[in-house]
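**Q** One structure coming up, written as structure tokens, with questions to follow.
Please treat every number below as a calculation from the coordinates, not as lab data. No experiment lies behind these values; they were computed from the predicted model shown. Counting neighbours? That spans all protein chains shown, and the Cβs are built from the backbone with ideal geometry, glycine included.
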Amino acid sequence: MPPTVLLAALGASALTAIAVVAGTHLGPVALALVGPAALAGAAARRRIDAHQAGLLHLAHVDPLTGLGNARQLRSRLAYELARHRRMRRRLTVFVLDLDGFKLVNDRFGHQAGDEVLREVARQLKRAVREQDTVVRQGGDEFCVLAPETGWREAELLAERLGYAVARAAGGLPGLSASIGFAVFPDEGTTAQVLMSRADANGADAKRRTRQARPEGEGRQKLSRVA
């Protein structure tokens with residue numbers, strides 16, 4: 001069968017493959033024989049790849065705040081745990097709960113609540129280092145993954161995160177944060193254990209702060225694990 005007849009009988013995807021292989025050996029002549037169908041197929045493939053990449057990005061992003069979501073946290077935490085096991089370095093996971101956020105929604109409406117969440121996200125991003133990952137788990141819960149961070153660094157970062165939430169709260173009454181963290185490998189070696197421990201530490205901090213607060217004192221204080 002003459003080459004031109006064979007090429008005419010092939011579809012765009014097959015022609016694209018031929019263009020890649022033949023073009024490597026024969027240069028512009030082979031590409032000219034393949035013709036516009038191959039180029040159209042390659043362009044379509046690029047569009048599909050770009051669309052799939054966009055969908056993958058959206059699947060890992062919280063649409064309200066632009067932060068990563070729980071799926072991104074799971075993926076990133078798995079990667080960092082494997083890396084820190086090899087390096088034998090510490091890694092810290094933070095869990096932040098906004099206390100009093102329901103009151104903000106009830107009093108000022110959900111649009112105001114959404115803006116508070118967006119501002120909390122912005123302030124948290126400003127408070128962390130470039131290598132840290134901030135995500136919104138959902139609702140009023142945020143998480144921070146801090147690579148190569150031990151106990152002392154974790155305490156300092158928890159303090160910065162607390163101030164970040166306070167800045168985001170502004171003058172809103174009753175809004176504060178409970179922050180708990182867990183350090184790998186000291187408090188756990190798996191993602192599930194670390195997340196559970198950080199969450200429990202945050203709950204303990206909230207309870208201790210409530211017990212220590214005098215009657216009638218405002219709720220603008222930060223709760224965290226010391």
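**Q** What percent do you get for the relative contact order of the range 70-224 when only Cα pairs under 8 Å and 6+ apart count? Mind showing how you got there, number by number?
**A** On the way: 250 pairs, mean separation 47.6, N = 155.
The normalised contact order for the range 70-224 reaches 31 percent.
**Q** How do 143-156, 71-84 rank on mean C-beta neighbours within 10 Å, highest first?
**A** 143-156, 71-84
**Q** Roughly how many nanometres apart are two label points built 7 Å out from the Cα toward the Cβ at THR189 and ALA82?
**A** 1.7
**Q** A further question on this structure: Among 97-104, 168-175, what's the highest-first ranking by average C-beta atoms within 10 angstrom per residue?
**A** Numbers: 97-104: 19.0, 168-175: 15.5.
In descending order of packing, they fall as 97-104, 168-175.
**Q** Can you give the net charge of the other residues whose Cβ lies under 15 Å from the Cβ of TYR79, counting K and R as +1 and D and E as -1? Spell out each step's value before the answer.
**A** Numbers: positive: ARG71, ARG74, ARG76, ARG83, ARG85, ARG86, ARG89; negative: GLU80, ASP132, GLU148.
Here the count lands on +4.
**Q** Right, next: When the Karplus curve 6.51 cos²θ - 1.76 cosθ + 1.60 is applied with θ = phi - 60°, which whole-Hz ³J(HN,Hα) does each residue of the range 115-132 get, with x for Gly and Pro?
**A** Karplus values, whole Hz, x for Gly and Pro: 5, 4, 4, 5, 5, 4, 4, 4, 5, 5, 4, 6, 7, 9, 7, 4, 7, 7.
**Q** Using each residue's phi in the range 80-86, evaluate 6.51 cos²θ - 1.76 cosθ + 1.60 at θ = phi - 60° and report the 3J(HN,Hα) Karplus result to the nearest Hz, with x for Gly and Pro.
**A** Values per residue, Gly and Pro as x: 5, 4, 4, 5, 6, 5, 5 Hz.
**Q** In whole Hz, what ³J(HN,Hα) sequence does the range 153-158 give by Karplus (6.51, -1.76, 1.60; θ = phi - 60°), x for Gly and Pro?
**A** 5, 5, 4, 5, 5, 4
**Q** Given H placed on each backbone N at 1.01 Å, which residues far from LEU91 in sequence or on other chains put an amide H within less than 5 Å of it?
**A** Amide H neighbours of LEU91, under 5 Å, 5+ apart: THR149, PHE184.
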